[in-house]
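The values are calculated or read from the model by the stated rules, or taken from the named source; none is laboratory data. Values in this document were obtained by computation on a predicted structure and should not be read as measured data. No Cβ is skipped: glycine too gets one built from the backbone with ideal geometry, and neighbour counts run over all protein chains shown. Surface areas here come from the heavy atoms of the whole protein model, side chains and all, with no ligands, DNA or RNA. Shrake-Rupley method; radii C 1.70, N 1.55, O 1.52, S 1.80 Å.
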Amino acid sequence: MSKILIRGAKILGGEPADVLIDGETIARVSTGIEAGDATVIEAEGRVLLPGLVDLHTHLREPGREDSETVLTGTRAAAAGGFTAVHAMANTFPVADTAGVVEQVWRLGRESGYCDVQPVGAVTVGLEGKQLAELGAMHDSAAGVKVFSDDGKCVDDAVIMRRALEYVKAFDGVVAQHAQEPRLTEGAQMNEGVVSAELGLGGWPAVAEESIIARDVLLAAHVGSRVHICHLSTAGSVEIVRWAKSKGWNVTAEVTPHHLLLTDELVRSYDPVYKVNPPLRTEADVMALREALADGTIDCVATDHAPHPHEDKDCEWAAAAMGMVGLETALSVVQHTMVDTGLIDWAGVADRMSVRPAAIGRLGGHGRPVSAGEPANLTLVDPSYRGAVDPAGFASRSRNTPYKGRELPGRVTHTFLRGRATVVDGKLA
Amino acid sequence: MLCSPGDTSRTPRHLISAADLTRDDAVLILDTAEEMARVADRPIKKLPTLRGRTVVNLFFEDSTRTRISFEAAAKRLSADVINFSAKGSSVSKGESLKDTALTLEAMGADAVVIRHGSSGAPYRLATSGWIDGAVVNAGDGTHEHPTQALLDAFTIRRRLVGADAGLGKDLEGRRVTIVGDVLHSRVARSNVHLLTTLGAEVTLVAPPTLVPVGVEGWPCEVSYSLDEVLPASDAVMMLRVQRERMNAAYFPTEREYSRRYGLDGLRMAKMPEHAVVMHPGPMNRGMEITAEVADSGRCTAVEQVANGVSIRMAVLYLLLGGSETALPSAAARTEENK
């Protein structure tokens, strides 16, 4: 494998330096490195980050390859600057056996664009009744560490307790989709002024918060790790903050769209804004940003949820929930967190690479940009401004809420173990 | 007032939400409906106004009453009417709203009257570019039912102000009480918007479980006590209690609901003498309203049905053949919401 010299990039937004990649690792980080036989990337003004890691991606394969495949999803991930993604288990069949998680893992390896770490289902068929073979999934080639019934809440307190206890045997973590099912029957959007006006079933904040409160208590009780998926309310933030103040092993994520969009957008009845959990209020958005900045929320996770056009080109109630996010995540984070001064680029590296890799126990990712480390890297041009054009997405689906919206930042290069997966903004 | 139809250069306009109507829009519709009501008194109840126009009644939900009302209205204006019921149609075979709309567009529908179980479906139909014709919301989910609100306002104005005396007038200072399942009621939502636009003061009365979270954003008062509100009401609108919701813990028993929020003769006696009792139908006699009240001269339920035809004639006329400024476009509403 040839050498690559990234010249003059600001490492984690700090001082410019040269980074020499040799094979799969970072060989040197210094100033004034001679190019020699290396391919040179002039990167002045750009920011170099450890490769981004997503804890929450829906790749849809097996079963819904019309929405996304592991290949198209990992290409989208690479385009967005990601070098590793966790693939959620709500596939068809559900990823609740060693066989399915190994299949997804192998497809990820074959894609070559991004490491795919399968998430195993907590319960058989995501039905919330019987624990899946968590140990077998962990012991498989996929080495599953993160378990989630995402898309559905593990609402039975006993099942949740048992899952939390069981995964301690192999340092696993249960990632909870916090949604009390009875309180959200018929729910279509955030419950509040807008839902009252639009006549859409309200999705109360307390449906999320009550489950989070229960689960942090359960995790503390059994001494296990719990991770809360896609926080969306100010109240959820307060519960996680309280749990962390107790020293409990609780982590949490927020999606880019919950950092930017509010339920006011639902007035358009455009299903592109239909997502689970729903878009909340401006006050919730501000609370989530602050919590991500102060570390209460550990990381950004995309909840990339591709759907084919026909599943969104319909009336609100009939539309599927979710939006794609891999290719716009970094831009939205720059827009909402960096350009607002809430965090710097080192903070982005921490929330989008270091912490998600640590939660998922991904040893080769989220590492410092230092000599001897795996060359999983993302190079960003933060000065770029441009309108989002979904026609150019690598994802098989186009259900983005940002079509035509001007967002900052652009991933110019992504490196997976020293191999460029994205060059000058284009997939290699 | 009545304009000659046939102006094909008009831009498509829609009636999606009562909130889209200005005071002048609403008064124009009410005044036009008064003129339409006179047609019903003629031996031949028909105008040639919409001859050659096609109106499709696109009903994804059963509603014989509303469909017949729109059908009668369109036929009295000489429009061709196509009734499209989702049951037994291609929709029940899985056809989407979009494909149904494209079919209707291909058939040359000038107006689509849509009843749908999903809030916002008419808005999507009007704004997604699936069809060019006018869209009239005949009830969508728990969102709105604007022509019901218009016929209610029309009924109130006729009763409290007078048919001829009411022309050009709104409902300034009138106090309207809406009682019952506000949470699930598109009728209540449309009435709150329209009646306040027309200058009325609206009070919602319901058990707290049937008041939407977020109601504080509505231009009305909320009370949990019917007895306290009745003496100051000019019109009391009783909403139908949907029996299918009885088991959802919104209230303990039918008997308790009836005792606290039902309108009987004793309660009606607390209302001012001029005050009317309204009901959008169908009524649950003995539940939200007793037979004594329903059959009294103060109850306008039957008039509301008749007035519904006049209002729908006015709406179809104004959308398809009349004044350009009567009804706003959904596109204009979209702009406002940006």
Selection within the range A:256-278 - outside any loop (DSSP other than H, G, I, E, B) and either touching a strand residue (DSSP E or B) at 6+ places or on another chain (Cβ under 7 Å) or open to solvent by 10 Å² or more (accessible area, probe 1.4 Å) (or both): A:H257, A:D263, A:E264, A:L265, A:V266, A:R267, A:S268, A:V272, A:Y273
Unmet criterion (only one of (1) crowded, with 20+ Cβ neighbours inside 10 Å; (2) more than 14 Å from chain B (Cβ to nearest Cβ); (3) not polar (S, T, N, Q)) for A:I159: (1)
Some residue of the range A:308-321 being in contact with a helix residue (DSSP H, G or I) (Cβ under 7 Å, 6 or more places away or on another chain) and under 16 Å from A:A77 (Cβ atoms): no
Listing of helices (runs of 4 or more DSSP H) fully contained in the range B:90-173 that carry 2 or more residues being away from chain A (no Cβ under 14 Å): B:97-106, B:146-160
Hits in the range A:375-417 (condition: of a type in the set (S, T, Y), in contact with a helix residue (DSSP H, G or I) (Cβ under 6 Å, 6 or more places away or on another chain) and part of a strand (DSSP E or B)): A:T414
Residue in the range A:218-234 that is open to solvent by 30 Å² or more (accessible area, probe 1.4 Å), of a type in the set (V, I, T) and modelled with pLDDT of 95 or more present: no
Filter pass, A:D298 being surrounded by fewer than 24 Cβ atoms within 10 Å (Cβ to Cβ) and not polar (S, T, N, Q): no
Number of the condition not met by B:V241 [criteria: (1) out of contact with any Gly (no Cβ under 9 Å at 6 or more places or on another chain); (2) at pLDDT below 90]: (1)
Tally of residues being open to solvent by 70 Å² or more (accessible area, probe 1.4 Å) and in contact with a Pro (Cβ under 8 Å, 6 or more places away or on another chain) across the range B:240-258: 1
Residue in the range A:193-205 that is under 25 Å from A:G295 (Cβ atoms) and either out of contact with any Ser or Thr (no Cβ under 6 Å at 6 or more places or on another chain) or within 14 Å of chain B (Cβ to nearest Cβ) (or both) present: yes
Odd one out for B:M237, checked against (1) open to solvent by less than 70 Å² (accessible area, probe 1.4 Å); (2) in a helix (DSSP H, G or I): (2)
Filtered residues of the range A:138-148 (kept if of a type outside the set (F, W, Y), open to solvent by less than 10 Å² (accessible area, probe 1.4 Å) and closer than 21 Å to A:I228 by Cβ): A:V144, A:V146, A:S148
Qualifying residue in the range A:391-408 (condition: in contact with an Asp or Glu (Cβ under 7 Å, 6 or more places away or on another chain), open to solvent by less than 20 Å² (accessible area, probe 1.4 Å) and within 15 Å of A:I11 (Cα to Cα)): no
